[in-house]
Every structure is written in structure tokens, then in C-alpha cells.
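Here's the structure we're looking at; comments come further down.
Just so it is clear, none of the values below were taken in a lab; they were calculated from the coordinates. These figures come from a predicted structure and were not determined experimentally. Backbone-built Cβ (ideal geometry, glycine too); neighbour counts: all protein chains shown.
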There are 2 protein chains.
Amino acid sequence: MREVIVLGIGMTKFGKSNLSMKEMFALAALEALENSNIEAKDLEALFIGNTLGGFEEGQVNLAPFLATEIGMRIGTPATRFEAACASATVAIRHGALAVASGIHDLVIVGGTERTTIMGTPLATKTFSMGSHSEYESFSGVTFPGVFGMVAHQYARKYGIPLEQLKKSMARVAVKSHSNGCLNPLAHFQKKITIDDVLGGPMIADPLQLYDCCPFSDGAAALVLADAGKFKNQVPKPVHFVGIGQASAGPIYLQKDITRIVAREASVSQAYKQAGIKPTDVDVCELHDCFTIAEIIATESLGFFEFGGGAAAIDRGDTSLKGKIPINPSGGLKAKGHPVGATGAAQAYEIVKQLRGECGERQVEGAKIGLVDTLGGDFSTVCNLVLRRY
Amino acid sequence: MREVIVLGIGMTKFGKSNLSMKEMFALAALEALENSNIEAKDLEALFIGNTLGGFEEGQVNLAPFLATEIGMRIGTPATRFEAACASATVAIRHGALAVASGIHDLVIVGGTERTTIMGTPLATKTFSMGSHSEYESFSGVTFPGVFGMVAHQYARKYGIPLEQLKKSMARVAVKSHSNGCLNPLAHFQKKITIDDVLGGPMIADPLQLYDCCPFSDGAAALVLADAGKFKNQVPKPVHFVGIGQASAGPIYLQKDITRIVAREASVSQAYKQAGIKPTDVDVCELHDCFTIAEIIATESLGFFEFGGGAAAIDRGDTSLKGKIPINPSGGLKAKGHPVGATGAAQAYEIVKQLRGECGERQVEGAKIGLVDTLGGDFSTVCNLVLRRY
């Protein structure tokens, strides 16, 4: 396998947008091309994540239209990937593998999604389609409900009083909003307090409003290339050193909902390929669709022992200057969550961090970064380990 | 790149089914595993095509649920591809490339779709989502409308009287239905005459009812493996020798709607990789969503000169015992068209033909077969060249 590098990155402001999926992707892609010193006509393929384009804009078969939207040559392959919230990360993985295996030398990868056009009822309904249709969404299970159950089970399993866990969860939200204030592209740029979280409306017990990420619109894109041919193309190339993807099916197959086994399988592939341990990771963007989701992710990714994730946030271990800074971008919680674009935005942030271009939210001296994206509740996880030499 | 072989194949009866997408896929996959002498737990990855599962059954994030449905190990990657009608072929391509590049040794690929549950109005609306949402489907363009325009333009460009072209188109339908009668898995098993076609209701001038393929339910699956490790696994392995995929954007970028440039780009990649010429192909399953679509496809695939496809059907060149048998399975027209499963069913037929297991519809001595699938009207084409040694 050949070495794959990121040449350039681009991302739209996340939030509510009046632009179409195609227009948002074009903004992100043209920015990524510009800072790669590459023209669209030189790209050999496109790999895109999108989850709900049919419901949002009546558009399936999106990939070829994105390719022509940004001026790629007629006749180049363009492929859409859908893995619920992990759609873009899965697209990035396949783009990186296509370069690594010598099929292409230069490709563009990313994600685009426009959720807010649907309104909350349709968005809630369509988001639940990422669950198993016969056994979960059909019977009314939604993601807030699932992660509410995860929080209860976590408290019970580790003997943590629920009120104490709720405070730890609140600290996740406070940290994410604090980081989001330092990210001009974040959906929310507003500080919140623990009291704001604990005083918010109940969504799915014990999750309150600020425990949940928002629906957002947005797009992000990365230009990937063969290191052998393109290593002198840009001043700060970032290398793919480990990639993982794993699936684990519906809830009824999960023995312990406080651990996402797909994540453990995926990240162990990625760490092994990169030849690193969790303690080698300097910065991580992980899938915090809910505050409890961040806590359990920090454990499965190996940063803290199982049952230790809540205490770690209490100690400040995951803050910008902590032991392992988590979601410096603001995460899904504050940066926003345009489903099929989320993984690309996570990769955007990690590349920016490794390049040292994150200003006030920069994790000092970051050399190794991890992307972690969850699709559905337990069913798909994709991880990327990126490195700056 | 390593050599990739097909170990086993499976397919459901196409038509109207009361089974879910997951159940249909399981039937096809378990059949493919059985005739591969492989167990599901040995599979390393799943690559699936599906187009409209969100609308059909409220299911996105389908791939991981299919993997567990058939008993694959927890932790294996499962990925959904969506490229409108070409979804399964694109999934097969990526599965084959994953084996060719050494990422996996043994994978399952395929497609599943359940269109009839939607009813015709919703099916028509959602099918049109494969067109460009702002410039085509939004303004009322549907696929019958587009291919009606193609027929008019074809008649005009080549100076063929429209009534004569309609008879050639009718012969395509008659041939497909005749072949479908020999395929126990075909949706339609009913002979029709030229008069039946020309006497049918008008759909989109000059296309009449029998010029159009139906909506169907169905699934098909193939087990792919590294030839080096698995060549003695089954008595009749079929080899992947050429693969192509290309995109060409929306209608407004097409200079000549009688030629699908994405097809020409894709099939030339596939022929080049296989080291063959069009005249080397013994049997072809191509994308006959409409009768005129078959005629123009036979030209772009290089079987006949441009403008000569209509005369070729008149001469019987594409019938079972003709110069180049096209769609011995009955094609989309008679075998049926479960959108995201169609490409996998085409590959199923070609493998079965190359193994010499097609009974009355067998193309004698077939050694090289071509799969051709079109996604959207002009935007995505994927081709596979398969060979039996």
C-alpha cells in the first residue's frame, strides 16, 4: 500500500444555510482545491458522504452532480456512500484506500447535508431511519431514547449516582460550547454553564436539551493524494497512517450498551495500522451526538478505563489543555451535526490542528490526531489516524 | 493488483414480494454462500447497493443490518453504495477492488430493493430523484420523458422514420419478454408481440407501456475472493478481468443525448483493463430501462456502429443465437428492475452464463461476459468484464 496525504481542506460555516447541498459542497471543495494548489480538472475521482438527500432536496445519485458542480472532468468516477452519521468518514476511508492501493493518485472526498430544510418532525423521523427499521425505529426508538438508556445503564453499571453523572455530562456540553466559541465555523458560538444544562427541557430522561447535538447544514471536503507523487505539493501535508471501519448490527445484538463494540473493532484496526497506542494520540474529534456518547467514546477509544470517562471530564482531562483534548472544534454538540458531512468536518479539524492553524483552539504541538464517527446507534464506526511529521 | 474471482451467486425471484429488503438479501446471500462453500462468519466485508430504502422501508444505514442478518461476524465493515440504478454495480466494483488491492480476501457484494411497496406515484417521484434535483426532477423531467426525447433525437439524427424506429424498439421488448420466459426468476414470463407493444398505452411519446421496464422487488448477491487463495474453492470460478466506472453529470452538460459519454468512458476502461475488444464479448447484460436505452447502449458498448443499433435488433443480432446476445435474462424489461439490486442481478446472470448453467437461455460457449448499468439518465455508468477460463 502507498502512503496517502491530505493536500488541502475546506469547510462551510455550519448552522442554517439557504444554499443547496451541491452549492455547500462546491464552497468546501473549491476551498480545499485552492489550498491544495490543484485544479478540479486534475481530480481523478470523488467520494462523498450524504445521508438524507432524498428527503432533504429530492436528490439521490448525488455524487456525479457534485463532480460536475465543481468542474471535474466528464468521465471520472463519483461515488456516494451512506452510513448514517458516519457517511463522510466511510467515503474518506474508501477514497484513501483507492489512493493507497494505486487506483487513483489524486481524489476529492467529503460530505454534504442540509438537514434544517426538513423541519424538526421530518428530521426526527428520517434520523431514526439510521436505526433498524423493523426492530427499533418502527417501535418508536429514536437516538435520544437510546442514549438516554445508555446513560441510565452507565450510571447503574459503574455505581455512579445519576445526579453526579448528569453533572459530568453537563461538563461535556459546557466544554464543547466553550471550544465552539473559538471556532468561527461552529453552529453555536455561545458559552453555557452547568446550570444552563441542568435547567434545560428534558428530551429523553436523563438527557436534557443541552445534552443533545443540533441538526445543522454544512459541507466539508479534503483533497487526498499519493505521497510519492505529491509530497512537495503543499508545505504541510498530513498523512493517513491508520484507518478502521467496523459494523455491529442492531441494538438487540449488543451485550452491553455502554460499550460500542463496532468502535472497539474499528479503532483497534486503525491503531494497529498506525503502530500507535491510545496515549500517542494528541487530539481527537469524536462522535458526541449526545454528551453521554462522548463519555463512552473516550473509553472505547482507549483514552480512559471503562467507567472512568465521566471522572475524566470532571478532572478536565478532555479540555483544550487537558491530557487528551477532545473535540476542540466544538464537536457535534457546538460545531453542529450535518449528518452526512460530519465525518468530513471532523477530518477537517484534525488536519487543521496538525497543521497548527487553529488559533485560540489550537492543541499545542499536536502531531497525531484521531477521527471517530458513529453511524446509527451501535452499527457503524469509522476511524482515521492522521499524522504530521 | 490481485486477481478476483466469483465463488458463488444467489438471487431472489424478481417481481412483487412481501419480504423485507433484509429478508430478500438474506435469501440471495445465503444461496451465494452455499454455492461458494463458504460460511458467513468467514466473510471479511459486505458491499451493498440500495437506492431508496429510506422511502421504501424507513431504512438508511442498511449495510450493517444486512451483515448481521446473514450472520457475519460483529466488527466486519459493511458499506452501502448509492448510485441510483447503478448502485449494486458500483458496490460490486468497490468489493472487487478491495479484494484486488489486498484489503480483503473474501467479501460479499450485492443489492436489494423493494420498490412495489411504495406504489406507482411515490415510486415515480422517488425514481426521478436520480435526476438532477434543481434542473431536472424539479421541473417535472422523469426518466420516461428523457428517454422519449432520446428516441426522437435518435430518429432525427440518423434519418430513421419514427414509425420504423418504434418497430425496432418493439422488437427489443419482444426479445426481452421471450428471454424472460426462459428465466424462472424473471418478473414477467409472458410472450408479447410487436402488435402488443405498438398497441399499448402511450407513456412518454414515442415510448409506450411495453417500451418501459417495470418496478420490481428483489435482491442478488455474489461472493468474491482472491484467486490466489480461493481458486480451488469451487469447480467453475469466474474471473473479474475489467472494471470501469464513470460519471457525466446532468442533462444540460450532454452534447448528444443519443450517446451516453459516461458509458463510453466506463466501458473503455473496462475493455482496456481486460485487454479485449467489443467483438470479444460473448454475452452482455445491459441497462435496458427503456427499449431505446438498449439500442443506444449496444452502440456505445461498441457492438454496433452509432446509428446502427436499431437495424441490429431488426436483424436479430442481439437475440439468444445472434451475433451478440443481449440480456438473455430478460433484462430490466422482463426480468424486472429492483433499482439498487439490478446491477447485482446482471452480474448474477453473466456468471451463470459463463458457468454454462442457463438451460434454455444459455448462450452457447460463452467465455467473456459484460455487465453494463446506468445510474440516473446520463450521470453514472459502471461496467464489469467477467471471464471463464
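Give me the number: length gained by fully extending B:LYS272 to B:THR124, i.e. 0.36 nm times residue separation minus the C-alpha to C-alpha distance, one decimal in nm.
On the way: separation 148, 0.36 × 148 = 53.28 nm, distance 3.69 nm.
Once the chain is fully extended between B:LYS272 and B:THR124, it gains 49.6 nm.
Given the options B:GLY130, B:GLY331, B:GLY110, state which has the largest fluctuation in a GNM of chain B using a 10 Å cut-off (strictly under) for Cα springs.
So, out of B:GLY130, B:GLY331, B:GLY110, the one fluctuating most is B:GLY130.
List, shortest first and in nm to one decimal, how far the label point of B:LYS190 (7 Å from Cα along Cα→Cβ) is from its counterparts in the other copies.
Nearest to farthest, the other copies are at 6.1 nm.
From Cα pairs below 8 angstrom and at least 6 apart in sequence, can you work out the relative contact order of the range B:130-211, rounded to a whole percent? Provide the component values of the computation, followed by the final result.
Values: 75 pairs, mean separation 22.2, N = 82.
Relative contact order comes out at 27 percent.
Cα to Cα, under 12 Å, and not fewer than 8 places away if on the same chain: which aspartates and glutamates meet these conditions relative to B:LYS229?
Excluding near neighbours in sequence, the set is B:GLU3, B:ASP105.
Out of A:LEU286, A:GLN245, A:GLN353, whose Cα points farthest toward the positive end of the dipole of the range A:241-389 (charges: +1 Lys, Arg; -1 Asp, Glu; placed on Cβ)?
A:GLN353
Quick check of the Kirkwood formula: for chain B, what is the inverse mean of 1/r over all pairs of different Cα atoms, in Å? Working shown, then result.
Details: mean 1/r = 0.0493 Å⁻¹.
It is 20.3 Å.
For B:SER17, A:SER266, A:SER139, B:SER176, what's the fewest-to-most ordering of other Cβ within 10 Å of each Cβ?
A:SER139, B:SER17, B:SER176, A:SER266
Between the helical axis of A:291-300 and the dominant principal axis of chain A, each derived from Cα atoms, what acute angle in degrees is found, rounded to the nearest 10?
Helix A:291-300 sits at roughly 70 degrees to that axis.
Taking neighbour Cβ counts within 10 Å as the exposure measure, how do A:THR79, A:THR318, A:THR51 sort from fewest upward?
Values: A:THR79 29, A:THR318 26, A:THR51 32.
So the residues, fewest neighbours to most, are A:THR318, A:THR79, A:THR51.
Could you tell me what a quarter of the Cα convex hull surface of the range A:274-389 works out to, in nm² with one decimal place?
Values: hull surface 27.3 nm².
Taking a quarter of the hull surface, the average projection is 6.8 nm².
Which distances, shortest first and in nm, link A:LYS236 to the matching position in the other copies, using label points set 7 Å out along Cα to C-beta?
Here A:LYS236 shows inter-copy label distances of 5.9 nm.
Which values, in whole Å and largest first, are the semi-axes of the equivalent ellipsoid of the range B:178-245 obtained as the square root of 5 times each eigenvalue of the Cα gyration tensor?
Each semi-axis is the square root of five times an eigenvalue, giving 39, 15, 11 Å.
Cα axis of helix B:21-34 to longest principal axis of chain B: angle in degrees, 0 to 90, nearest 10?
With rounding to tens, the tilt is 60 degrees.
Take the rotation relating chain B to chain A, measure from its axis to every Cβ in chain B, and name the nearest residue with the distance in whole Å.
So the closest residue, with its distance, comes out as B:SER101, 2.
Measuring from a point 7 Å out along Cα→Cβ, what nm distances, shortest first, does B:PHE306 have to its partners in the other copies?
Distances to the matching label points in the other copies: 6.4 nm.
Hey, if you put +1 on the Cβ of every Lys and Arg and -1 on every Asp and Glu Cβ in the protein assembly as shown, which of A:LEU106, B:ASN179, A:ASN61 ends up farthest toward the positive end of that dipole?
Farthest towards the positive pole: A:LEU106.
Taking the 0 to 90 degree range and rounding to the nearest ten, how far is the long axis of helix B:162-180 tilted relative to the main principal axis of chain B, both from C-alpha atoms?
Taking Cα atoms only, the helix is inclined about 30 degrees.
State which entries of B:LYS41/B:LYS323; A:LYS41/B:LYS277; B:LYS157/B:LYS190; A:LYS13/B:LYS255; B:LYS125/B:LYS352; A:LYS22/A:LYS277 exceed 32 angstrom in Cα-Cα distance in the structure shown. Please report the intermediate quantities before stating the final value.
On the way: B:LYS41/B:LYS323 43 Å; A:LYS41/B:LYS277 28 Å; B:LYS157/B:LYS190 34 Å; A:LYS13/B:LYS255 36 Å; B:LYS125/B:LYS352 34 Å; A:LYS22/A:LYS277 39 Å.
Check vs 32 Å cut-off fails for B:LYS41/B:LYS323; B:LYS157/B:LYS190; A:LYS13/B:LYS255; B:LYS125/B:LYS352; A:LYS22/A:LYS277.
Using a simple spin-label model with points 7 Å from Cα along the Cα→Cβ vector, what separation in nm is obtained for B:GLN164 and A:PHE138?
5.6
How large is the translational diffusion coefficient of the range B:104-252 in µm² per second when you combine the Kirkwood radius over alpha carbon pairs with Stokes-Einstein at 25 °C and 0.890 mPa s?
On the way: Rh = 18.9 Å.
Rounded to a whole number, D works out at 130 µm²/s.
Return the equivalent ellipsoid semi-axes of the range B:229-288 as a descending list in whole Å, where each equals the square root of 5 times an eigenvalue of the C-alpha gyration tensor. Let's see the in-between values first.
Working: eigenvalues 185, 31, 24 Å².
Semi-axis lengths for the range B:229-288 are 30, 12, 11 Å.
Debye sum, Cα scatterers, the range B:13-69, no solvent: what log₁₀ I/I(0) at q = 0.15 1/Å?
For the range B:13-69, the Cα-only Debye profile gives -0.47.
Computed from the mean reciprocal separation of all distinct C-alpha pairs, what Kirkwood hydrodynamic radius does the range B:5-129 have, in Å? Don't skip to the answer; put the middle values down first.
On the way: mean 1/r = 0.0678 Å⁻¹.
Evaluated over the range B:5-129, this radius sits at 14.8 Å.
Given all pairs of different Cα atoms, what value in angstroms does the Kirkwood hydrodynamic radius of the protein assembly as shown take? It would help to have the intermediate numbers written out before the result.
On the way: mean 1/r = 0.0385 Å⁻¹.
Answer for the protein assembly as shown: a Kirkwood hydrodynamic radius of 26.0 Å.
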